[in-house]
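Here's the structure we're looking at; comments come further down.
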């Protein structure tokens, strides 16, 4: 009756396990060379960027004159590095994680053992969120160590950092929030692209190409406005996801000047609420597309 | 167990395995062979205007090996996908282990092992890591079980190698190992010999025989009809999505009262038999005389011929093979429905 020496009760759990599904997804992420190549590339870019931040302008003078000004500039710089690096990482890893199940046909093996479609999708989201959180924790440790090293080298102690006003720590948490939101949007976008296309090439291609395309679209809109003399093109840029994500740190820290990376909407006076609404709508659309298509479509792979 | 097939003839092996399956007291004591483990009820699937499966009723009973046969495009894989909850039926339903699989997939499917078409695996993971990935999904399977199934499918030596380096036969065996991970009650194997070279087919056949001998209920779709005939208790044949025959293998291949006679000069015997009202179907097949008996018994046919001075050298009951039956029941590609 059995091919097993172990008791059947040990081998036949009542239902598939969600934590088990998350572990399985983490195993799939962790055992890919691509994952570690991306982490290594991210680490290398981070190192170069930290050197560039320290070397650009006259940071030592700024640091000695106003540690807070230096700190905010440093924070803004590392946030840009993180959002780009983590974005590329999560878009590629996320879209591959989902689309490979379809490409390899393993989706049918997984679902045929009782794991629900939405349970699997939730496990993939969770595993990617864990990977993103680990990336953020690692990056924060490196950025903090780098900051303390700079302070020690230039001032002989870390007191300029530890004595920063409370507002500086509020800005820190706002930047962490922006980084988190950026990661969530990337996870949702990468996953949705993979679910829609059900192939690695389509999923990764759309996921990686999306943000460059909608950042570049800002230039196209500016040109169209000049050509047609219609503001509708410029106004449309306030609804572009990439530019809005780029602008979010500035919208959240309106009391001081924050440089935005790449393109921002070509409309003045956008506030944080508008940014949250646009990001929320895009996130909902990505999530709804992934959930609806995963739930409804037959698995023919 | 794999060594056995190299020493014994396949026929002898099959005989003993079947004997073990049907006569084991322990097995007989614990099985209720009449329980339906998998059944379909008016099952239909339509893709646009094209029906893939039409009003299909099947029943697979506990402990049996059930063959699911049909030409390419007949609807076998679609039926299996519906049985595994991968696609939704247009009409009807599938019960697995007594429950509607669409409604209770999380309760019943962990008790089912499946291999659907080609083995789907993670090529960048080792064989063992593949098993571990699926084991996590199932809620955790002890490491000892991973060793067990790797031994069972003969992949213990290659478990650390990446699956992309495996041959098709090895991937197929690893697919079976995944299916067996939590010792399922029912195994659904869709074309397990698909894409295999002759050596791979032999490997897969040996493995299937082991599984059959271990008492699994097995639902198998295959094109290798000789294997199906040897291994299966019952078969269903579908064509263009419709069930055309469901019967025991023994019933299908039964003689139906025909005998094969060998003799030096069969033509006079053929003429004589064809002149009889019960012998009009008599014919020559590869120089052998195939004919019915006046009473259904072979000795009466021999006696009848002997009374006319015709002596047969040998006489055997004529058994049809599954391939012959399959071809007679399924229309060739391009024929109208």
So how tilted is helix A:117-155 from the main axis of chain A? Cα-based, degrees 0 to 90, rounded to 10. 30
For B:82, A:221, what ranking results if the residue with the fewest other Cβ atoms within 10 Å of its Cβ goes first? A:221, B:82
Could you calculate the FRET efficiency of residue A:149 with residue A:295 from 1/(1 + (r/R0)^6), where r is the beta carbon distance between them and R0 is 60 Å, rounded to 0.05? 0.75
Candidates B:80, B:238, B:310; GNM for chain B (alpha-carbon contacts under 10 Å) flags as most fluctuating B:310
Per-residue Cβ neighbour rank within 10 angstrom, fewest leading, B:274, B:162: B:274, B:162
Using a 10 Å cut-off around each Cβ of peptide B:147-154, what is the average number of partner chain Cβ atoms that fall inside? 1
Taking the 0 to 90 degree range and rounding to the nearest ten, how far is the long axis of helix A:18-30 tilted relative to the main principal axis of chain A, both from C-alpha atoms? 60
Calculate for the protein assembly as shown the 222 nm mean residue ellipticity that helices alone would give, adding -39,500 (n - 2.57) per DSSP H run of length 4 or more and normalising by residue count, nearest 500 deg cm²/dmol. -18000 deg cm²/dmol
Any chance you could give the angle, 0 to 90 degrees and rounded to 10, that helix B:298-307 forms with the longest Cα principal axis of chain B? 20
Run the paramagnetic zone check for residue A:142: 7 angstrom along Cα to Cβ, then residues of the stretch A:17-55 with backbone nitrogen under 15 Å. A:35-54
Cα-based Rg and Dmax for the stretch B:107-187, in Å, come out at 11.5, 35
Principal axes of the stretch A:95-248: Cα extent on each, largest first, Å: 61, 55, 23
Fewest to most Cβ atoms within 10 Å: A:162, B:295, A:62 sort as A:162, B:295, A:62
May I ask for the equivalent-ellipsoid semi-axes of chain A, computed as the square root of five times each C-alpha gyration tensor eigenvalue and listed largest first in whole Å? 39, 27, 15
Förster radius 41 Å - calculated FRET efficiency between residue B:47 and residue B:199, Cβ distance, rounded to 0.05: 0.65
What full-extension length gain, to one decimal in nm, is calculated for residue A:37 and residue A:216 as 0.36 nm per residue of separation minus the Cα-Cα distance? 61.7 nm
Would you calculate the volume per residue, in Å³, of the smallest convex hull containing every Cα atom of the stretch A:36-87? 60
So what are the protein assembly as shown's ellipsoid semi-axes, whole angstrom, largest first, if each one is the square root of 5 times an eigenvalue of the alpha-carbon gyration tensor? 69, 26, 19
For q = 0.14, 0.15, 0.17, 0.19 Å⁻¹, what log10 I(q)/I(0) does the stretch B:137-267 give under the Debye formula with an equal point scatterer on each alpha carbon and no solvent? -0.74, -0.82, -0.98, -1.14
For chain B, built as a Gaussian network whose Cα springs stay under 10 Å, the top-fluctuating residue of B:264, B:317, B:117: B:264
Residue B:88-residue A:230 FRET efficiency (beta carbon distance; Förster radius 45 Å; 0.05 resolution): 0.40
For chain B, alpha-carbon Rg over 2.2 N^0.38 Å: 1.16
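Could you grab the relative contact order for the stretch B:60-150? Cα pairs under 8 Å, six or more apart, rounded to a whole percent.
It rounds to 15 percent for the stretch B:60-150.
Laboratory data are not the source of any read-out in this text; all were calculated from the coordinates shown. Only a predicted model underlies this, so the values are computations on that prediction, with no experimental measurement involved. Backbone-built Cβ (ideal geometry, glycine too); neighbour counts: all protein chains shown.
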